[in-house]
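Bear in mind that the values in this text are calculations on the coordinates, not laboratory data. Note that the structure is a prediction, hence the values are computed from the model and not measured. We place every Cβ from the backbone using ideal geometry, glycine too, and count neighbours over all the protein chains shown.
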Amino acid sequence: MIGRGNLFLFGQVTGKMIRSYRWYSYSCMCSAWRTAAPSVLVAIFAFAAGCAKPQAAPPARPPTTVSVGKVSQKTEPVEVIAVGNVEAISTISIRAQVAGEVQDVNFKEGDFVKKGQVLLTIDPRPYEATLAQARAALARDKATGAYNRAQAQRYKSLFDQGVVPAEQVDSYTSAADASDATVSSDEAAIKSAELNLEFCTINSPIDGRTGTIMVKPGNLVKVADVPIVVINQVNPIYVNFTVPQQYWPDIKEHVDRGALHVMATIPQDQGPPVQGTLTFVDNNVDTNTGTIHLRGTFDNGQNRLWPGLFVSILLTLSEQPNATIVPAQSIVSTQQGSYVYVVKANNTVEQRTIVASRTINGDTVVDKGLQPGETIVTDGQANLIPGSKIEIKNGDAGPTNSAAGRSDRQSSAADPPSDKSGRPEQK
């Protein structure tokens with residue numbers, strides 16, 4: 001039999017042998033992996049490379065279909081566009097010149113009235129009584145004056161005879177002169193009473209359009225109180241506007257001859273612009289805005305212009321010969337500036353920066369960046385980048401103008417593309 005001590009020793013020896021065997025096995029496995037790892041990795045990469053397919057080159061970008069036109073050259077007017085405000089040529093506030101009760105109003109609010117037309121009547125009875133009193137006072141004072149004048153002449157004769165002293169003659173002469181002055185005062189009082197009586201009837205001082213009636217019949221009015229009604233003279237009529245100060249040389253050159261014409265376009269009005277002339281140039285430049293105040297006078301027989309209305313003003317200053325012109329829709333505007341796409345000989349486009357000054361009837365005047373005869377893109381710029389290949393859809397790239405551009409786009413949309421012989425292409 002094995003003793004308890006021997007059994008314990010046997011267990012320890014056996015445990016050490018097992019641990020040694022495990023460590024030997026782990027060491028052998030690590031050594032085998034280090035030996036085989038490079039070969040395995042090479043095989044994996046070779047397998048992956050064999051499975052990968054070659055990348056195909058990206059397809060070429062198809063040509064972009066655009067419309068084009070040629071840069072033209074022609075004489076263009078130098079025009080200034082501004083916002084104008086219509087002003088009545090005359091505004092009259094009707095106020096009472098005598099106090100009293102308003103009896104009659106002989107017009108309706110908003111009526112056109114003629115010069116001299118009776119507008120309203122103030123109760124004339126108090127002023128008729130005042131006039132009667134003034135006339136009675138005149139008659140009385142005339143009688144007194146005649147008596148005093150006769151007395152003065154009588155005492156003058158007695159003085160010449162030595163009957164009366166000179167003091168009495170002077171007294172009656174003074175009384176006669178005072179009576180004459182009283183008569184003159186009475187005559188002035190009569191004129192004043194007659195004038196007040198005339199003021200009881202208020203007439204229109206101008207031809208014009210009435211506004212709101214502020215005092216209705218039956219109300220009492222005071223002298224020079226609130227306006228009873230306001231009348232605007234609207235034919236002819238003014239339009240005020242401002243232009244930048246850089247246009248002053250052209251304005252100065254032509255305004256003295258009265259040759260500057262102004263056109264006013266009314267918003268939402270289907271009629272043609274109203275024609276007028278420049279009649280006023282302010283005597284200073286506004287230092288806050290750098291603009292000059294101008295005024296045009298317009299014939300307004302049809303009452304198309306109305307006081308307070310805002311209109312678009314076109315002032316023609318002069319003409320610019322040989323101006324470089326492109327359609328306004330061909331220009332792309334960004335924060336960095338404006339540019340167009342110029343078509344090159346190989347049907348690619350070049351982005352070119354330009355300096356544009358003004359736009360007139362769909363045509364833009366270019367001061368710098370283009371030469372007459374160059375071909376530019378007029379439609380389809382949104383799909384282009386510098387160097388893009390293009391396909392022109394409008395066959396005629398003649399002189400550019402807004403009407404031609406529109407007709408080309410309409411015809412190209414309606415007609416199928418054709419080859420060089422003029423026959424439709426077969427698809």
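Find, among the trypsin sites (Lys or Arg not before Pro) in region 190-234, those assigned to loop by DSSP (not H, G, I, E, B) with at most 12 other beta-carbon atoms within 10 angstrom.
Lys222
Given Val163, Ala137, Ala178, which one lies farthest toward the positive end of the charge dipole of region 124-197, if we put +1 on the Cβ of every Lys and Arg and -1 on the Cβ of every Asp and Glu?
The residue sitting most towards the positive pole is Ala137.
Taking all pairs of different Cα atoms in region 141-296, averaging 1/r and flipping that mean, what Kirkwood radius in angstroms comes out?
Roughly 23.5 Å, rounded to one decimal.
How about region 261-345: which trypsin sites (Lys or Arg not before Pro) there are in a DSSP loop, with at most 14 other Cβ atoms within 10 Å of their Cβ?
In loop regions of region 261-345 (DSSP not H, G, I, E or B), the sparsely surrounded trypsin sites (Lys or Arg not before Pro) are Lys344.
Calculate how large, on average over all directions, the projected area of the Cα convex hull of region 74-228 is; give the answer in nm² to one decimal.
So the mean shadow area of the Cα hull is 18.5 nm².
Write out the chymotrypsin sites (Phe, Trp or Tyr not before Pro) in region 145-198 meeting two conditions: DSSP loop, and at most 14 other Cβ atoms within 10 Å of their Cβ.
Listed in order of number, the matching sites amount to none.
Cα convex hull of region 272-359: mean projected area in nm², to one decimal?
Mean projected area for region 272-359: 10.3 nm², to one decimal.
Per the Debye formula with a single identical scatterer at each Cα and no solvent contribution, what log10 I(q)/I(0) holds for region 124-197 at q = 0.19, 0.24 Å⁻¹?
-0.72, -0.92
Using the Karplus curve 6.51 cos²θ - 1.76 cosθ + 1.60 with θ = phi - 60°, work out ³J(HN,Hα) for each residue of region 118-125 in order, rounded to whole Hz, and write x for Gly and Pro.
Here the 3J(HN,Hα) series is 6, 9, 7, 10, 9, 3, x, 4 Hz.
For a footprinting-style exposure proxy, rank Val98, Val164, Val86, Val226 by other Cβ within 10 Å, fewest first.
Lowest count first: Val226, Val164, Val98, Val86.
Among the listed pairs Lys115/Lys191; Lys115/Lys216; Lys115/Lys252; Lys114/Lys216; Lys191/Lys222; Lys114/Lys252, which have their C-alpha atoms separated by more than 28 angstrom in this model?
Lys115/Lys252; Lys114/Lys252
Work out from phi, with θ = phi - 60° and the Karplus expression 6.51 cos²θ - 1.76 cosθ + 1.60, the ³J(HN,Hα) of each residue of region 287-295, listed in order in whole Hz, and give x for Gly and Pro.
5, 7, 10, x, 10, 10, 7, 10, 9
Roughly how compact is region 222-271, stated as its Cα Rg over 2.2 N^0.38 Å to two decimals?
With N residues counted in region 222-271, Rg over 2.2 N^0.38 Å equals 1.88.
At a 10 Å Cβ-Cβ cut-off, how would you order Lys108, Lys389, fewest neighbours first?
Lys108, Lys389
Let me know the charge dipole size of region 124-197 about its Cα centre in debye, to the nearest 20, where only the beta-carbon of Lys, Arg (+1) and Asp, Glu (-1) is charged. Show your work: numbers first, answer last.
Working: 8 positive and 10 negative charges, 53 e Å.
For this selection, approximately 260 debye.
Add +1 for every Lys or Arg and -1 for every Asp or Glu among the other residues with Cβ under 9 Å from the Cβ of Phe112, and state the total.
Net charge around Phe112: 0.
Any idea what diffusion coefficient region 262-319 gets from Stokes-Einstein, in µm²/s, Kirkwood Rh on alpha carbon pairs, 10 °C, 1.306 mPa s?
123 µm²/s
Taking amide hydrogens as modeled 1.01 Å from N in the peptide plane, which residues meet the under 5 Å criterion relative to Ile206, leaving out close sequence neighbours?
Correct list: Gly116.
Counting only C-alpha contacts under 8 Å and six or more residues apart, can you give the relative contact order of region 124-197 as a whole percent? Display every interim value, and only then the final one.
On the way: 69 pairs, mean separation 36.7, N = 74.
Relative CO of region 124-197 lands at 50 percent.
Can you work out ³J(HN,Hα) from phi for every residue in region 142-153, in order, using Karplus 6.51 cos²θ - 1.76 cosθ + 1.60 and θ = phi - 60°, giving whole Hz and x for Gly and Pro?
5, 5, 4, x, 5, 5, 5, 5, 5, 4, 5, 5
Order these by the 10 Å Cβ neighbour count, fewest first: Val223, Val311, Val326.
With the sparsest Cβ surroundings first, the list reads Val223, Val311, Val326.
Which residues' amide hydrogens lie under 5 Å from the amide hydrogen of Ser338, considering only partners 5 or more residues apart or on another chain, with H built in the peptide plane?
Ile354
For a quick check: with amide H placed at 1.01 Å from N, whose amide H comes under 5 Å from Thr324's, ignoring anything fewer than 5 positions away on the same chain?
Correct list: Val366.
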